[in-house]
Amino acid sequence: MRTLFANGTIVTADGSYPGDVLVDGETIVQIGTNLAAAGVTADEVIDATDKWVIPGAIDAHTHMKLPFGGTFAKDDFETGTRAAAFGGTTTIVDFAVQSKGKSLREGLDTWMAMAEGMAVADYGFHMIMSDVNDSSLAEMDALVDEGIPDFKLFTAYPGVFFSPDDHIFRAMQQTTKNGGLIMMHAENGPVIDKVAADLVAQGKTDPYYHGVARYPIFEGEATNRVIRLAEAAGAPVYIVHLSVKDALDQVRAARDRGAMAFAETCPQYLFLSIEDLGNGFNGAKFVCSPPLREKNPNWQELWDGLRKDDLQVVATDHCPFDFHGQKELGRGDFRKIPNGLPGVEDRVDLLFNGGVVGGQISKERWVDIISTGPAKLFGMHPRKGAIAVGADADIVVYDPNASRTISAQTHHMAVDYSCYEGWEIKGQSKIVMSRGMVIVRDGTFTGSKGHGKFLRRDRSDYARLA
Ligand code: DUC
Ligand code: ZN
Ligand code: ZN
């Protein structure tokens, strides 16, 4: 099957130009101008006049079916990748979880089985380490070789995912040897739990106090601490879901002194604020960790960070729980609200609308932070994240002039609310191709369950990217 994308503007992280893209099978085989006039034939010609041809977007941080607080994130690998595809995302990197007392391998096998035959577009895994010991450290080397080169550890969630500093340091030392990457959830969990307990004891149990308990300085402190540990170990480190200026300042300082420190933020920290956590128990819809922050100065600081490359990635931390029946587990005690927001479907458009239309970033930088940047950092480039000969044919025809209204009534995520309900935004993915197969066409799903395959990823050259 040969598909020709004709008459569009190819938008990449490096630049934009008018051009045609020819796909044969699962791969991009030719890029040029007026290919049809030059005699190139195809089974299907997709007219991209007045539209942009961009690499399929990559969401490097999702949690399909994550067990959390006695329940499970609602989307599975089918519904989650399908919703992602509607929003122009053709690759996700999810998190397999090592449980305490179990091996990395057991956790990986469980998540592999959950995804097998389900996904409509490609997926990879990072590995969450909840139990750092001699044996799990040794297992890391094999995982790096098998295409899972990154490991997430937590300074938050004592008793669940939390690792003490010496465990984090040992995992970092291991990646110094095996070429992998440590990803850090950086908030000071033990201190947060103390503040949260004090608030609840005072009768402050509403979702709003979830935001109050998790001070910005607790994220800044932990961010600085883990970066310093990584520097001591000679390892690269990636801060996930960075939410606040205090933490960004630590990343900026680290990068200025030459540390291999990288960071992502998420749409919720660019577009939502602690005010959304108010409004009684309705605020539970907005409970995630780190929490939503004060709008000022944080939103603009994060945009500045994205523009200046102190932040390299925008991912979603997609972790959806229904308001009814799941978020409601925390009525009367915000500590029991499952943490996480739905987002995998709307990231690309929110970033286009708020970033490109909003004048914060160029369209090329938009492609970089939603696709090419994560492809490079997470060992997928140039197979993913690129419009280039030889790359996987993960291609989106994007209409920058389309507009739509976000609503839980029309979204494809398996969750009963949207954090952006009623928002009118510009930009929409019209054609979404995953490895040569058109999986979304003008708002209709045309893909198939099981088309998505596990993606073996390489180590990246972190020193070069820093
Ligand atoms: N934060 C969330 O909001 N949900 C899942 C895990 C996390 O770290
Ligand atoms: Zn996290
Ligand atoms: Zn997460």
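The values are calculated or read from the model by the stated rules, or taken from the named source; none is laboratory data. On a predicted model such as this, the values are computed, not experimentally measured, just so you know. FYI the Cβ positions are ideal-geometry reconstructions off the backbone, even for glycines, and counts take in every protein chain you see. The area values use the complete protein model at the heavy-atom level, side chains included, leaving out ligands, DNA and RNA. Shrake-Rupley method; radii C 1.70, N 1.55, O 1.52, S 1.80 Å.
Structure notes:
- Counting all C-alpha pairs of the stretch 1-133, share separated by more than 22 Å (%): 52 percent
- Calculated from backbone phi, Karplus (6.51, -1.76, 1.60) coupling profile of the stretch 151-160 in Hz, x at Gly/Pro: 9, 9, 10, 10, 9, 10, 6, x, x, 10
- Potential extension, PHE323-SER403 segment - 0.36 nm per residue separation minus Cα distance: 26.1 nm
- Against the chain, whose longest principal axis comes from its Cα atoms, helix 216-233 is set at around 80 degrees.
- Furthest towards positive pole of dipole, GLY280, ALA232, HIS381, structure part the chain, Cβ charges: ALA232
- Entry note, the stretch 193-339: relative contact order of 28 percent, from Cα contacts under 8 Å with a spacing of 6+ residues.
- Principal-axis tilt of helix 77-86 within the chain, Cα atoms, nearest 10 degrees: 60 degrees
- Label separation (GLN300 vs ASP145): 5.2 nm, computed from points 7 Å beyond Cα along the C-beta direction.
- For the stretch 331-449, convex hull of alpha carbons as volume per residue, Å³: 158 Å³
- The largest-to-smallest principal axis extents of the Cα set in the stretch 245-361 are 46, 30, 23 Å.
- Farthest toward the positive end of the dipole of the chain, out of ILE439, CYS419, GLN30, is the Cα of CYS419, where the dipole comes from beta carbon charges about the Cα centre.
- Overall, the stretch 182-301 carries a charge dipole of about 120 debye about its Cα centre when +1 sits on the Cβ of Lys and Arg and -1 on the Cβ of Asp and Glu, all other atoms neutral.
- For the stretch 56-382, the carbon plus sulfur part of the accessible surface works out to 51%, probe radius 1.4 Å.
- Dipole axis of the stretch 56-382 (+1 Lys, Arg; -1 Asp, Glu on Cβ), positive-most option in GLY180, GLN300, SER103: GLN300
- Highest average packing first - 238-248, 6-16, Cβ atoms within 10 Å: 238-248, 6-16
- Helix axis angle, 104-115 relative to the chain longest principal axis, alpha carbon, degrees: 50 degrees
- The modelled label-to-label distance for the pair VAL160/THR446, using points 7 Å beyond Cα in the direction of Cβ, is 4.1 nm.
- Residues whose placed amide H lies under 5 Å from that of GLU294, excluding near-sequence neighbours: ILE274
- With protein chains left intact and a 1.4 Å probe, residues in the chain average 34 Å² of accessible area per residue.
- Largest to smallest principal axis extent of the C-alpha atoms in the stretch 293-370, angstrom: 43, 26, 19
- Sequence-distant residues sharing a close amide H with GLY343 (under 5 Å, placed H): CYS319
- The Cα-based radius of gyration and maximum Cα-Cα distance (Dmax) for the chain are 21.1, 75 Å.
- Rounded to the nearest 20, the Cβ-based charge dipole of the chain about its Cα centre (Lys and Arg +1, Asp and Glu -1) stands at 340 debye.
- Rounded to the nearest 500, the 222 nm mean residue ellipticity of the chain from helices alone is -8500 deg cm²/dmol, with -39,500 (n - 2.57) taken per DSSP H run of at least 4 residues.
- Take the Cα of ALA37, step 7 Å toward its Cβ, do the same at LYS102, and the gap between the two points is 5.9 nm.
- The distance from the alpha carbon centre of the stretch 210-241 to that of the stretch 1-48 is 43 Å, rounded to a whole number.
- Under 13 Å, Cβ to Cβ, from GLU146 - net charge with Lys/Arg +1 and Asp/Glu -1: -2
- Neighbours of ILE58, meaning other residues whose beta-carbon lies under 9 angstrom from its beta-carbon, give a summed charge of -1 when Lys and Arg score +1 and Asp and Glu score -1.
- Distance from the C-alpha centroid of the stretch 144-200 to that of the stretch 334-355: 22 Å, rounded to the whole angstrom.
- Positive contributions from Lys and Arg (+1) and negative ones from Asp and Glu (-1), summed over other residues with Cβ under 12 Å from the Cβ of GLN360, come out at +2.
- Peptide packing: for 30-37, 285-292, the average count of neighbouring Cβ atoms within 10 Å per residue gives the ranking 285-292, 30-37, highest mean first.
- Amide H contacts under 5 Å for GLY124, placed H, 5+ residues apart: ILE92, VAL93, ASP94, LEU455
- The stretch 130-172 gives an Rg/Rh value of 0.98, both radii derived from C-alpha positions and Rh following Kirkwood.
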